[in-house]
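*Asks:* Pasting in a structure now, in structure tokens, and then I'll have a few things to ask.
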Amino acid sequence: VELAQNMATQIAFAIDRVRVEEQIQAQREQLQGILTSVPGVVWEASLDRALGPRLTFISDYVQAMLGYTAAEIGEGAGWRDVVHPEDRDRAARELEAIVASGQGGVIEARCLAKDGRTVWVEVRATVTLDDAGRPQDVRGVAMDITDRWRTEDALRDSRSRLAGIISSAMDAIITVDQQQRIVVFNAAAEAMFRFPADRAIGQGIDRFIPDRFRQAHAAPIEHFGRTSGSSRTMRSLGTLAGLRANGEEFPIE
């Protein structure tokens, strides 16, 4: 009887263990399904006080994004080898600052894909604390933002070229906003009005027009701003007068 009871207990224990393992497997499959739908690399790292953050989990999406399997990156501090050498120390410092804050933050850095491509990555990290309020581990998602960086880089180049053209133009170029405050005042405008650009930016355009001409200048510009269309030429305002910094007037069109 005792033997039968022991066997029954062992069988019940085995059945319970199988059920637990099945539940764990189901939870893993559910988690993997969730991770598969995330367009980024989900990761977790424990905090080793001597060695720093060490990877304990990285999702399979890393292969789609960087070409490495999770096993190839491996556990520990292998993540550093994937970060571009020029960004590696900075990224490590920023991650340390996030950990020290005990909250979270965002890091942007270049990573090296397995095929040699450079991939811009945005890492959003959060920190979990132990019962004593000390950082225990850090986890987050790494997203590929290469296309965004290329767009922003192209925009910066375009703005730089435009600024170069404006600054080197022989004609005075002045741009105003809807309130007719100056937002661009190139070198030729500085020479013409004998007024530095850093002081002109933000001032009203009427600062450089004598009183008797201000209404004639302001009204057509206000009307022009209210009309539709993105590529238009405003009719000539005729002969006006400009006002230099020393109070001297001179004819302008």
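*Asks:* Once the piece of chain linking Glu86 and Ser160 is laid out straight, how much longer is it, given 0.36 nm per residue of separation minus the C-alpha distance between them?
*Replies:* Fully extending the segment from Glu86 to Ser160 adds 24.2 nm.
*Asks:* Under a point spin-label approximation (7 Å from Cα along Cα-to-Cβ), what is the Asp171-Ala191 distance to one decimal in nm?
*Replies:* Roughly 1.6 nm, to one decimal.
*Asks:* Treat each spin label as a single point 7 Å out from the Cα along the C-beta direction, and report the Glu108 to Gln10 distance in nm.
*Replies:* For Glu108 paired with Gln10, the spin-label model returns 6.3 nm.
*Asks:* On the protein heavy atoms, probe 1.4 angstrom, tell me the percent of accessible surface of the range 131-206 carried by carbon and sulfur.
*Replies:* Solvent-exposed carbon and sulfur of the range 131-206 make up 52 percent of the total.
*Asks:* Oh, and also: Counting only heavy atoms of the protein chains, get the accessible area per residue of the range 71-161 (1.4 Å probe) and round it to a whole Å² value.
*Replies:* With all protein chains present, the range 71-161 gives 61 Å² per residue.
*Asks:* Ok, one more. Largest first and to the nearest Å, give the Cα extent of the range 144-207 along each principal axis.
*Replies:* The principal-axis extents, from largest down, are 48, 26, 16 Å.
*Asks:* Order of 56-66, 99-109, 161-171 by packing, highest average Cβ count within 10 Å first?
*Replies:* Working: 56-66: 18.1, 99-109: 15.3, 161-171: 11.5.
By packing density, highest mean first, the sequence is 56-66, 99-109, 161-171.
The values are calculated or read from the model by the stated rules, or taken from the named source; none is laboratory data. Here the structure is a predicted model, which is why all the values come from computation and not from measurement. Heads up, the Cβs are rebuilt from the backbone with ideal geometry, glycines too, and the neighbour counts pull from every protein chain shown. All accessible areas refer to the heavy atoms of the entire protein, side chains included, with ligands and DNA or RNA removed. Shrake-Rupley method; radii C 1.70, N 1.55, O 1.52, S 1.80 Å.
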